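Novice: Here it is, the structure in full.
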Amino acid sequence: MIDVLLTRLRLGRQTIAYPDGPVRLPDRFRGRPALDATRCPASCDTCAGVCPTDAVHPGPGALRIDTGACLFCGACAEACPEGAIRFTRDYRLAMRTRDELVATADVPLLARALDARMRRVFGRSLRLRQVSAGGCNACEAELNAAGNIQFDLGRFGIQFVASPRHADGLVVTGPVSANMRVALEKTWEATPAPRLLIAAGACAISGGPFAGSPVCHGGVDALLHGVPVDLYVPGCPPHPVTVLDGLLRLLGRLEGDRLDVTDTGVLREDWR
Amino acid sequence: MPGRVLQVRSGEATDAGAVPRLPLDDFQGILADAVTAGHRASAYFGEAWHEGVILTAAIANDARGTIGLLSTRVEGVMPSLAPECPSLQLFERELVEQLDVGVAGHPWPRAVRFEPARVPGGAGAGAPMTIPGDHPFFAVEGEEVHEVAVGPVHAGIIEPGHFRFQCHGENVLHLEIVLGYQHRGVERLLEGGPTPRTLAVAESIAGDTGIGHALAYARAHEGLAGVGPPPPRAAALRAVALELERLANHVGDLGALASDVGFLPTASYCGALRADFLNALAELSGNRFGRGLVVAGGVRHDLPDDAALRLSDRLEKAWEHVRAAARLFFRAASVRNRTDGTGTISRALAAELGLVGPVARACGLSLDVRASHPFAPYDTTPVPVALALSGDVTARARVRLDEAERSAAFVLAALRALPPGPVRAPPAPPRASSIVVSLVEGWRGEICHVIRTGADGRFARYKVVDPSFHNWMGLQLAVRGQQISDFPLCNKSFNLSYCGHDL
């Protein structure tokens, strides 16, 4: 017993400072893409040629990246001869609509909150049920991490629960394999209304690397009897802080657009 | 076997036409003899060919560090080897499902993933006719015998699968696991490659093993291109990433095991400490799962020497914390009471089933591709194989801790002495009409990728065998005679991949 207490003392507080303090991210973390379409020369499609998911579309004045399909692998930024594509450390990627996921410039966009009625229902306590429908266990692992003592979703009254009947919404991961479609539909039907539908990760939003597979549905959009997705959380997989940020903004628990990111100090020692 | 089997090494491509094409009897005889003699079928798969099917087997010989390749052509029905070689049973079921090969005498010829067949009219025909769960389960009848059905959607944030227990009171008489819910058509998406998508699909075969599968692909690609090994600094960084992945998962598993027995201190510490190793991967690659790091020809990002030293220092501290958290776990009587003697697999059974990875090593089987089929830097800097003997949950936990400790030592040393030089060789296309077998010891065990290129240099057949493919049967047998309440604990001690199996 004394060992348990001493270890507890030695390990100290593990929960991150966010949202009151900065988010510590590694130098190479790839968040929201910042695009400069004026640098795009005509007839150059180098970036499109290296993209694994057709997420990037080049063109002078027309350069855009669909962050709902983007795996944030950085291949386009690496390949672009003009430096028109850059990935920032802005982890705030979640959006309310599919269109808002398309980045065209260097302008951060933040997820809008639910309407007042829904905020009243879910604002202080949100119970979510997760369904993996072809998810590769990376998104699942990050959603699990969002609940651990480091990111601690629980301190905001958000919790993942075991049964859809106890849930206020579903968080779907994976491209929705044909073999999981029925199970996903049944889980949705078992969730009492009002309910939220959240798509986490490139696969659930657009099919990700599995888009076009004959045994997958290309994400959860419009799949469940046309039910619209309430929140899209991009990434492959989304960072737990991206998940937290999206959920808190959805609930209207986080306002303002100040971005507070610090470095971990591994790659560059002089981060302070 | 000499002359009738082509001996190759992991990651070294050879002319696809050089693989001996044997009569079916000879092929099956050699395969059965090799498996009975203790060698392992790392891959055994088919391709439709005119009116029949070409079967290819890759048999790993750990003592020699070689892989034997042989093939045959089968039309219609062949006798099943599963009764004498249980480790082949799932491979044979896969042949039935993918290629409509008849296998006579198979004890349980059920669907593997409920995927559309690859035979004409079946390939790409859209959603399969039946879905998993629509399946005649093995049933036990008798007084007070009852059935428990779990899944596909489980209580936690985990992947889907269906578990059907036949119980007598609390005791499990039989467990049948039906998978396939996660089937995404991985092999077919990889075929026709390489394309920019190939690596992303490989990294998503099992997302928690992104480095392992990306490395298996990259080494196969490099072998096919005939460009030789990647630069030494790239090889070192790849191994660091592979061991960080092992550390993150093993530490996470220790936490999850603690959670399943209700020992919360280790559960919460390890849950958070796991992040230190994921974050180290993010320092390397920008992604906590190391995505985008491994590419054919090397790695995409270098780590400057001074940054490597700082990372090493941080990981040293993280490992000390893990050791403290693990000590609490292994010393607690309330933990050992649950884990000792639970879910035991004997050494003989493990060998018979062809189990791999930490699960096999916990039964005393010394299987580790890093030792038996090493590539740089493991050939010059071996990682000692961690073993336990009791084959129970305690042994599987202990092997994870010991392995993690050795991985930590390896990573710290490697980061403090990275060889100089570039980290990426220019990419080269694969050669036409070649075949390569690539083995990598992922954190769950042996990952095997086999690629055969066509006359156009494209991937004509891409076979993936995730370690979970070998190990799910082990879990089904481990819970026999156990209390059903111990199932979550047994399951977590195996911690197998659903999507790695379902592809």
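Novice: Is at least one residue of the range B:366-383 closer than 19 Å to B:G445 by Cα, among the aromatic types (F, W, Y) and either buried (at least 23 other Cβ atoms within 10 Å of the Cβ) or away from chain A (no Cβ under 14 Å) (or both)?
Specialist: yes
Novice: For the structure I just gave you, tell me whether B:A216 is touching a residue at least 12 places away in the same chain (Cβ under 8 Å), at the interface with chain A (Cβ under 9 Å from one of its Cβ atoms), among the aliphatic types (A, V, I, L, M) and in a helix (DSSP H, G or I).
Specialist: no
Novice: Turning to a different aspect of this structure: Mind counting the residues in the range A:198-216 that are touching a strand residue (DSSP E or B) at 6+ places or on another chain (Cβ under 9 Å) and within 9 Å of chain B (Cβ to nearest Cβ)? Walk me through how you get there before you give the answer.
Specialist: Looking only at the range A:198-216, we keep the residues that are touching a strand residue (DSSP E or B) at 6+ places or on another chain (Cβ under 9 Å), and these are A:198-201, A:203-207, A:210, A:213, A:215-216.
If we keep only those that are within 9 Å of chain B (Cβ to nearest Cβ) as well, we get A:203, A:210, A:213, A:215-216.
Of the residues in that region, 5 qualify.
Novice: Now for a different question. Out of curiosity, is A:A42 under 22 Å from B:L189 (Cα atoms) and without any contact (Cβ under 8 Å) to a residue 40 or more places away in the chain? First the steps, then the outcome.
Specialist: Working: under 22 Å from B:L189 (Cα atoms): no; without any contact (Cβ under 8 Å) to a residue 40 or more places away in the chain: yes.
Here the answer is no, as A:A42 does not meet what is asked.
Novice: Might you check whether a residue that is within 24 Å of B:G454 (Cβ to Cβ) and more than 25 Å from the chain's Cα centre (by Cα) occurs anywhere in the range B:74-95?
Specialist: Going through the range B:74-95, the residues within 24 Å of B:G454 (Cβ to Cβ) turn out to be B:74-75, B:91, B:94-95.
Of the ones still in play, those that are also more than 25 Å from the chain's Cα centre (by Cα) are B:74-75.
The answer is yes, given that some residue of the range B:74-95 is within 24 Å of B:G454 (Cβ to Cβ) and more than 25 Å from the chain's Cα centre (by Cα).
Novice: Of these, B:A225, B:A267, B:A258, B:A234, which one is in contact with a strand residue (DSSP E or B) (Cβ under 8 Å, 6 or more places away or on another chain), farther than 24 Å from B:L503 by Cβ and more than 9 Å from chain A (Cβ to nearest Cβ)?
Specialist: B:A234
Novice: Going through the range B:113-142 one residue at a time, which ones are within 30 Å of B:L173 (Cα to Cα), within 7 Å of chain A (Cβ to nearest Cβ) and modelled with pLDDT under 80?
Specialist: Residue satisfying the conditions is B:I131 alone.
Novice: Can you name every one of the strands (runs of 3 or more DSSP E) wholly within the range B:52-98 that holds 2 or more residues which are without any contact (Cβ under 8 Å) to a residue 40 or more places away in the chain? Please lay out each step first, then the result.
Specialist: Working: elements: B:52-61, B:66-74, B:77-79.
Filter on the range B:52-98 gives B:52-61.
Novice: Restricting the range A:29-48 to residues that are over 30 Å from A:G256 (Cα atoms) and assigned to a helix (DSSP H, G or I), which is farthest from the other protein chains (Cβ to nearest Cβ)?
Specialist: A:R39
Novice: If you don't mind, another one. Whether any residue in the range B:324-338 is within 14 Å of chain A (Cβ to nearest Cβ), touching a Phe, Trp or Tyr at 6+ places or on another chain (Cβ under 7 Å) and part of a loop (DSSP other than H, G, I, E, B) is what I want to check. Talk me through it step by step, then tell me what you get.
Specialist: As a first pass, look at the range B:324-338 and keep what is within 14 Å of chain A (Cβ to nearest Cβ): B:324-335.
Cutting the leftovers down to touching a Phe, Trp or Tyr at 6+ places or on another chain (Cβ under 7 Å) gives us B:325, B:329, B:332, B:334-335.
Now restrict to residues that are part of a loop (DSSP other than H, G, I, E, B): B:332.
Checked the range B:324-338: at least one residue is within 14 Å of chain A (Cβ to nearest Cβ), touching a Phe, Trp or Tyr at 6+ places or on another chain (Cβ under 7 Å) and part of a loop (DSSP other than H, G, I, E, B).
Novice: Among the residues of the range B:308-322, are any of a type in the set (A, V, I, L, M, F, W, C), more than 19 Å from B:V411 (Cβ to Cβ) and more than 10 Å from every other protein chain (Cβ to nearest Cβ)?
Specialist: No, the range B:308-322 contains no residue that is of a type in the set (A, V, I, L, M, F, W, C), more than 19 Å from B:V411 (Cβ to Cβ) and more than 10 Å from every other protein chain (Cβ to nearest Cβ).
Novice: Please determine, by comparing only the residues of the range A:12-28 that are touching a strand residue (DSSP E or B) at 6+ places or on another chain (Cβ under 8 Å) and surrounded by 15 or more Cβ atoms within 10 Å (Cβ to Cβ), which one is farthest from the other protein chains (Cβ to nearest Cβ).
Specialist: Restricting to residues being touching a strand residue (DSSP E or B) at 6+ places or on another chain (Cβ under 8 Å) and surrounded by 15 or more Cβ atoms within 10 Å (Cβ to Cβ), the top hit is A:V23.
Novice: Now a separate question. Among the residues of the range A:49-78, write down those that are within 13 Å of chain B (Cβ to nearest Cβ), within 21 Å of A:D99 (Cβ to Cβ) and crowded, with 17+ Cβ neighbours inside 10 Å.
Specialist: Selection gives A:C51, A:T53, A:A55, A:V56, A:A69, A:C70, A:L71, A:F72, A:C76.
Novice: Please pick out the residue among A:A190, A:A178, A:A162 that is more than 8 Å from every other protein chain (Cβ to nearest Cβ), over 26 Å from A:L254 (Cβ atoms) and over 20 Å from the mean Cα position of the chain (by Cα).
Specialist: A:A190
Novice: So, in the range A:49-67, how many residues would count as being touching a strand residue (DSSP E or B) at 6+ places or on another chain (Cβ under 6 Å) and assigned to a loop (DSSP other than H, G, I, E, B)?
Specialist: Summing the residues that are touching a strand residue (DSSP E or B) at 6+ places or on another chain (Cβ under 6 Å) and assigned to a loop (DSSP other than H, G, I, E, B) in the range A:49-67 gives 3.
Novice: Quick test for you: out of B:D276, B:D253, B:D313, pick the one residue that is surrounded by fewer than 20 Cβ atoms within 10 Å (Cβ to Cβ), assigned by TED's automatic domain parsing to the domain that holds B:A414 and of a type outside the set (G, A, S).
Specialist: Just one listed residue meets the conditions, B:D313.
Novice: Let me ask something additional. Pick out the one residue from B:P382, B:P420 that is modelled with pLDDT under 95 and farther than 19 Å from B:R338 by Cβ.
Specialist: It is B:P382.
Novice: Any residue at all in the range B:259-272 that's part of a helix (DSSP H, G or I), modelled with pLDDT of 95 or more and of a type in the set (A, V, I, L, M, F, W, C)?
Specialist: No, the range B:259-272 has no match at all.
Novice: Can I ask one more? Just one of the numbered conditions (1) closer than 30 Å to B:P488 by Cα; (2) surrounded by fewer than 24 Cβ atoms within 10 Å (Cβ to Cβ); (3) away from chain A (no Cβ under 13 Å); (4) not small (G, A, S) is not true of B:E243; which one?
Specialist: Condition (2) is where B:E243 drops out.
Novice: Tell me, yes or no, whether the range B:285-294 has at least one residue that is among the hydroxyl-bearing types (S, T, Y), within 14 Å of chain A (Cβ to nearest Cβ), farther than 30 Å from A:R32 by Cα and not in a loop (DSSP other than H, G, I, E, B).
Specialist: No - not one qualifying residue is present in the range B:285-294.
Novice: In the set B:V383, B:V359, B:V399, which member is among the β-branched types (V, I, T), in the same structural domain as B:V251 (by TED's automatic domain parsing), outside any helix (DSSP H, G or I) and touching a residue at least 40 places away in the same chain (Cβ under 8 Å)? Even if it seems obvious, please write down each step before you answer.
Specialist: Working: B:V359 fails: outside any helix (DSSP H, G or I); B:V399 fails: outside any helix (DSSP H, G or I).
Criteria check complete, one pass: B:V383.
Novice: With the condition kept exactly as written, say whether any residue in the range B:296-307 is closer than 22 Å to B:A272 by Cα and either of a type in the set (S, T, N, Q) or surrounded by 14 or more Cβ atoms within 10 Å (Cβ to Cβ) (or both).
Specialist: no
The values are calculated or read from the model by the stated rules, or taken from the named source; none is laboratory data. On a predicted model such as this, the values are computed, not experimentally measured, just so you know. No Cβ is skipped: glycine too gets one built from the backbone with ideal geometry, and neighbour counts run over all protein chains shown.
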